[in-house]
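The values are calculated or read from the model by the stated rules, or taken from the named source; none is laboratory data. None of the values given here were measured: they were computed from a predicted structure. Here the Cβ positions follow ideal geometry from the backbone for every residue, glycine too, while neighbour counts run over all protein chains shown. Note: areas computed on protein heavy atoms with side chains; ligands, DNA, RNA excluded. Shrake-Rupley method; radii C 1.70, N 1.55, O 1.52, S 1.80 Å.
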Amino acid sequence: LLCIAASQPSEPHLFKARKVRRMGGGNAQKSEIARQRNAAAAAAKAGGKSQTANNAQSMSIKCSICKQAFMCTQGEGDLLTHVTSKHPKSTFEVCFPDMVKFVAVPNQGVVFKGKALALSALGSDAKKGYPKDSGAVEFSTKEEAVAHVIAEVSYINDEEGVEYREE
């Protein structure tokens with residue numbers, strides 16, 4: 001926009017033209033949002049984001065006997081149901097060796113093989129979890145769990161002082 005202003009009011013024939021700047025007026029942000037919407041619509045028409053690819057990636061638990069895959073969110077109870085129904089002569093540890101947890105309870109000087117056994121021995125269930133005063137910690141190997149108990153309890157000096165419960 002041009003604004004014409006008089007340089008001197010006494011001489012009206014001498015005028016000076018100058019530009020006046022104003023803010024706004026650009027549509028760059030609107031254009032960018034429209035481009036993003038159009039790109040998303042084109043991707044949806046071309047197949048979009050498939051949930052099946054994500055589901056296939058989350059099938060990270062496999063039975064070592066029959067190779068059936070389970071989602072990583074599958075609970076220990078569901079996996080135990082698979083073991084008892086499909087492989088009655090086998091054990092949970094054989095079917096799912098990576099899922100076996102060793103629970104160290106330093107307050108009692110005990111290591112439990114399996115979360116379910118530890119929960120039942122501590123008088124709790126899977127929803128409640130371990131009692132807070134028990135100091136229970138899960139480990140992937142027996143050796144790690146035993147080492148934790150030895151480190152936490154001052155009067156236990158070796159593996160023989162740690163009680164180990166399987167069943």
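Observations on the structure shown:
Residue-by-condition table, conditions (1) acidic (Asp, Glu); (2) in contact with an Asp or Glu (Cβ under 7 Å, 6 or more places away or on another chain):
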{"site": "113", "(1), (2)": "no, yes"}
{"site": "119", "(1), (2)": "no, yes"}
{"site": "123", "(1), (2)": "no, no"}
{"site": "131", "(1), (2)": "no, no"}
{"site": "134", "(1), (2)": "no, no"}
{"site": "137", "(1), (2)": "no, no"}
{"site": "140", "(1), (2)": "no, no"}
{"site": "159", "(1), (2)": "yes, no"}
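- Residues of the range 92-103 that turn out to be open to solvent by 30 Å² or more (accessible area, probe 1.4 Å) and within 25 Å of residue 149 (Cα to Cα), as a count: 5
- Taken over the range 75-91, the criterion of being farther than 20 Å from residue 120 by Cα, among the polar types (S, T, N, Q) and surrounded by 11 or more Cβ atoms within 10 Å (Cβ to Cβ) is satisfied by 90 alone.
- Test for residue 133: is it over 21 Å from residue 63 (Cα atoms), open to solvent by 50 Å² or more (accessible area, probe 1.4 Å) and at pLDDT below 80: no
- The one condition from (1) modelled with pLDDT of 90 or more; (2) under 30 Å from residue 99 (Cα atoms); (3) assigned to a helix (DSSP H, G or I) that residue 66 does not meet is (3).
- So residue 116, is it more than 22 Å from the chain's Cα centre (by Cα), at pLDDT 85 or above and either part of a loop (DSSP other than H, G, I, E, B) or closer than 14 Å to residue 165 by Cβ (or both): no
- Of all residue pairs spaced 6 or more apart or on separate chains, those with beta-carbon atoms under 9 Å, a first member in the range 139-159 that is in a loop (DSSP other than H, G, I, E, B) and a second member that is surrounded by 12 or more Cβ atoms within 10 Å (Cβ to Cβ) and among the small types (Gly, Ala, Ser) are 153/109; 153/161; 155/109; 155/161; 156/109.
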